[in-house]
1. Return the residues of segment 12-50 that are more than 22 Å from residue 87 (Cα to Cα) and surrounded by 15 or more Cβ atoms within 10 Å (Cβ to Cβ); say none if nothing qualifies.
2. Show me the strands (runs of 3 or more DSSP E) found entirely inside segment 6-81 where at least 1 residues are in contact with a strand residue (DSSP E or B) (Cβ under 8 Å, 6 or more places away or on another chain) and within 18 Å of residue 95 (Cα to Cα).
3. In the list 30, 75, 67, 37, which residue meets the criterion of being more than 21 Å from residue 9 (Cβ to Cβ) and at pLDDT 95 or above?
């Protein structure tokens, strides 16, 4: 973990289980796929920094991250799985790269 503005930043390596009390995650540049349910139910998670080189976010990767407010989408991302961000009610800051997004379809459902 590293520290940024008094908040510990957890560096996700694509293998280890993510702590339940994590608030800020930085995905390691070696990670190309975020697996199914990797961050599911991380109720305190507010921010995720995704690296260039990430290709896919699998189904339910961030489902029920009810405090998630901010995520960046790298230009290398080509697929977001179904329900990847379901029930992320506070997600309002999605940083998209300048890119042709015509072939990418995703929705954020806040039911």
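1. Hit for segment 12-50 is 31, nothing else.
2. Answer list for segment 6-81: 24-27, 47-49, 70-72.
3. Residue meeting the stated conditions: 37.
The values are calculated or read from the model by the stated rules, or taken from the named source; none is laboratory data. Predicted, not measured: the structure shown is a model, and the values here were computed from it. Here Cβ is always computed from backbone atoms with ideal geometry, including for glycine, and neighbour counts include all displayed protein chains.
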